[in-house]
Amino acid sequence: MTDEIKHEEADHRGAFYIEHDGKRIAWMSYSRANARLVIIDHTEVAPEFGGQGVGRRLLDAAVAWARATDTKFLSTCPFASGQFAKDESLRDVHA
């Protein structure tokens, strides 16, 4: 899976997502708590794309964005929380 990861944000809500053949097949959504803190609340990948590292690609894009914008994350999403817990290289953006 090499489709581009896109990012959208409006009205304190945002998402990193992938579209494939015109259909959104994966996304990681968040809500903004303040100017420098967002809460990742959900990650979903279409079943046919599961097990291919798509969720991690979304998180890596979110982490790159957070580093570039001096933003920190909290997470209520089990996937993102698990990744932050097991991968020390992500902890610089985890509040």
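Read-outs throughout are calculated quantities, based only on the coordinates presented, and are distinct from any laboratory measurement. Every value quoted in this text rests on a predicted model; they were computed, and no experiment measured them. As a convention, Cβ positions derive from the backbone with ideal geometry for all residues, glycine included, and neighbour counts pool all protein chains shown.
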How about segment 1-26: which of its residues are within 14 Å of the chain's Cα centre (by Cα) and β-branched (Val, Ile, Thr)? Ile5, Ile18, Ile25
Suppose the filter is under 23 Å from Asp21 (Cβ atoms) and either over 12 Å from the mean Cα position of the chain (by Cα) or not β-branched (Val, Ile, Thr) (or both); does Glu88 pass it? no
Could you check, for segment 7-23, whether at least one of its residues is under 23 Å from Ala95 (Cβ atoms) and β-branched (Val, Ile, Thr)? no
Which condition number in (1) in contact with a Gly (Cβ under 9 Å, 6 or more places away or on another chain); (2) on the phi > 0 side of the Ramachandran plot is the one that Met28 fails? (2)
